[in-house]
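Colleague: Take a look at this one; I'll ask things after.
The values are calculated or read from the model by the stated rules, or taken from the named source; none is laboratory data. Bear in mind that the values here come from a model prediction, so they are computed numbers and not experimental data. Here the Cβ positions follow ideal geometry from the backbone for every residue, glycine too, while neighbour counts run over all protein chains shown. Note: accessible area is taken over every heavy atom of the protein model, side chains too, but ligands, DNA and RNA are not part of it. Shrake-Rupley method; radii C 1.70, N 1.55, O 1.52, S 1.80 Å.
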Amino acid sequence: MDISKKLVETHSLSKEECLELFSLFDVPESMEYIKEEAVKIRKKYYGTKVFTRGLIEFTNYCKNNCYYCGIRRDNRNIERYRLTEKEILDCCANGEKLGFRTFVLQGGEDPWYTEERIADIVRKIKKAHPDCAITLSVGEKSKETYQTWKKAGADRYLLRHETANEEHYHMLHPDSMYLSNRKKCLYELKELGYQVGAGFMVGSPGQTWEHLAEDLVFLQELQPQMVGIGPFIPHHDTRFANEKAGSVDLTLKLLSVLRLLLPKVLLPATTALGTLDPLGREKGLSAGANVVMPNLSPVENRKQYELYDNKICTGDEAAKCKNCLSARVRSAGYELVVDRGDYIG
């Protein structure tokens, strides 16, 4: 059976089959077929709906030193900030008025935000907005901490694995960080009943086709409810400052493949796509994505949460951002909906 047909019909590929599929990435007819089938299956489960996630970047302090990241611990050139509890709650109140029904609290691994502080914020958001989903994205923690936050009302958790290859992981992260721990966290989050998001950068320094094949195999094993992928974009204050950015085209092809491997997955058209290509997010939706993540953070802090260079939408008020995104989504033939946008099990 032709490998692209196997992907479409069985929704699974081994590592060797992934590598075989990658050899078709330069064959326009094969890629058109994969993209069409990805859109077909996305519409089967989600119609033309696009779900929004209101992103609240609440701290850019981080104890980690990931080599690719602009907010890593040893970057002395950025102005650090933490939002207060009131500021976070105000972002949520503004977001609910604008039609957001999921809030994503994302930040560096900031020790000031203890288990209890985050649990308290989650409880307060849930009390004020009982119909909304809360997603946390604050890194590697103990199973007990994840459990505390689940009990407080957190629904989802985003933790990109970044690469499923041990050697490549060590090329991107310091020796104090382990891929095995990252994977352990993801499996524990699933066990606790979170809707879980993993993901990776496309075109990160040192990445090979083999690594990408291992990423796809790992995601099939994990079966996460969400997968976030976007092109690698260098940050000027990191050791990878002079590396070239990842490819938008390759990211779009991988979005279609992921939609076929994990048919019901919640798949964002990421900000990184829109940063490298003015129509990147629209193209992402046309490749099988069904989620967008506009920023609800206070405008004065957005530029400080600079994971990579030239990030878009750092100067617009949330309402303007939402309206702009709504028009973009419509232009791609989809509709932005007021909905929690849960995974359909």
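Colleague: Within the stretch 312-322, track down each residue that is free of Cβ contacts under 8 Å to residues at least 60 places away in the same chain and either among the aliphatic types (A, V, I, L, M) or open to solvent by 30 Å² or more (accessible area, probe 1.4 Å) (or both).
Modeller: Result: Ile312, Cys313, Gly315, Asp316, Glu317, Lys320.
Colleague: Filter the stretch 323-345 for residues that are touching a helix residue (DSSP H, G or I) at 6+ places or on another chain (Cβ under 7 Å) and part of a helix (DSSP H, G or I); which is least open to solvent (accessible area, probe 1.4 Å)?
Modeller: Val329
Colleague: Continuing with this model, one more query. Quick check on Thr148: is it of a type in the set (Val, Ile, Thr) and open to solvent by less than 20 Å² (accessible area, probe 1.4 Å)?
Modeller: Spelling it out, it is not the case that Thr148 is of a type in the set (Val, Ile, Thr) and open to solvent by less than 20 Å² (accessible area, probe 1.4 Å).
Colleague: Tally the residues that are touching a helix residue (DSSP H, G or I) at 6+ places or on another chain (Cβ under 8 Å), outside any loop (DSSP other than H, G, I, E, B) and open to solvent by less than 30 Å² (accessible area, probe 1.4 Å), restricting the search to the stretch 286-308.
Modeller: Qualifying residue count, the stretch 286-308: 2.
Colleague: What are the pairs, 6+ residues apart or on separate chains, where a residue within the stretch 79-107 that is in contact (Cβ under 8 Å) with a residue 60 or more places away in the chain has its Cβ under 6 Å from a residue that is of a type in the set (Asp, Glu) and surrounded by fewer than 21 Cβ atoms within 10 Å (Cβ to Cβ)?
Modeller: Arg101/Asp339
Colleague: Let me ask you something else. Among the listed residues Lys283, Lys253, identify the single one that is open to solvent by 10 Å² or more (accessible area, probe 1.4 Å), under 18 Å from Ala213 (Cα atoms) and not in a loop (DSSP other than H, G, I, E, B).
Modeller: Lys253
Colleague: What are the pairs with Cβ atoms under 8 angstrom where one residue, in the stretch 179-191, is closer than 14 Å to Thr145 by Cβ and the other, located anywhere, is open to solvent by less than 70 Å² (accessible area, probe 1.4 Å) and aliphatic (A, V, I, L, M)? Sequence gap at least six, or different chains.
Modeller: Cys185/Leu159; Leu189/Leu159; Leu189/Val196
Colleague: Sticking with this one: Within the stretch 38-63, take every residue that is touching a Ser or Thr at 6+ places or on another chain (Cβ under 8 Å) and either part of a loop (DSSP other than H, G, I, E, B) or of a type in the set (Asp, Glu) (or both) and give me the one that is nearest to Arg281 (Cα to Cα).
Modeller: Checking each candidate, the answer is Arg53.
Colleague: Related question: How many residues does the stretch 108-143 contain that are over 20 Å from His161 (Cα atoms) and either free of Cβ contacts under 8 Å to residues at least 60 places away in the same chain or open to solvent by less than 10 Å² (accessible area, probe 1.4 Å) (or both)?
Modeller: Going through the stretch 108-143 one residue at a time, the tally reaches 23.
Condition check ((1) in contact with a strand residue (DSSP E or B) (Cβ under 6 Å, 6 or more places away or on another chain); (2) modelled with pLDDT of 95 or more; (3) closer than 18 Å to Asn301 by Cα) across all residues:
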site: Tyr68; (1), (2), (3): no, yes, no
site: Asn77; (1), (2), (3): no, yes, yes
site: Leu83; (1), (2), (3): yes, yes, yes
site: Phe103; (1), (2), (3): yes, yes, yes
site: Asp131; (1), (2), (3): no, yes, no
